[in-house]
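Have a look at the structure below before the remarks.
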Amino acid sequence: MMLQTTDIQCALAKLLNHYPESGHNATSIGKLAFDWHDLLTEEGVTRKQFSAGIRHAVKTCRFFPKLADVLEGVRGYRESPPQPKSDTLQIADTTSMHDLTPEEVERNKERIQIILKALSKELTIEEAVEMVSMKSHIAEFVTDGQIQSDLRPD
């Protein structure tokens, strides 16, 4: 997304919290934001890259950062952007499954997949309840054979 002057103004205003001794004020931050915007757009910096650059500068600069400090963070972001999170559900090895048998873990994974399908509307809530109840003794999804009202899709 395109970087806006207001994005830079907000970031610079937040920097004042980290560097109160900088001598900057609202007027100087406003002027600085316009200068930075011109230079950053010339470099093709996006909002995400700018945010990464500011975070880098706050973490590495002892004094109010210069544009070069921010661009160093932008370069780092461009060279090694964060990896997108996986959309698939994974149970970490470090979860508290120490008291579950491998069979129980597998059944839980199957139940989670059924619930995810219901949430993504691949299955109806009724179908999911039936499938989950067939996998175990779980009864939290039903009350007297009826689907709880808070589980019904809108």
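Details
- Residues of region 77-130 that are modelled with pLDDT of 85 or more and either under 30 Å from residue 57 (Cβ atoms) or in a loop (DSSP other than H, G, I, E, B) (or both): 77, 78, 79, 80, 81, 120, 121, 122, 123, 124.
- Within region 7-24, the only residue that satisfies the criterion of being over 17 Å from residue 63 (Cβ atoms) and without any contact (Cβ under 8 Å) to a residue 12 or more places away in the chain is 10.
- Scanning region 25-48 for residues that are part of a helix (DSSP H, G or I) and in contact (Cβ under 8 Å) with a residue 40 or more places away in the chain yields 47, 48.
- Reported count of residues in region 17-67, each being in contact with a His (Cβ under 8 Å, 6 or more places away or on another chain) and either surrounded by fewer than 17 Cβ atoms within 10 Å (Cβ to Cβ) or under 22 Å from residue 78 (Cα atoms) (or both), is 1.
- Among the criteria (1) surrounded by fewer than 14 Cβ atoms within 10 Å (Cβ to Cβ); (2) modelled with pLDDT of 95 or more, the one residue 72 does not fulfil is (1).
The values are calculated or read from the model by the stated rules, or taken from the named source; none is laboratory data. Here the structure is a predicted model, which means the values were calculated and not measured. As a convention, Cβ positions derive from the backbone with ideal geometry for all residues, glycine included, and neighbour counts pool all protein chains shown.
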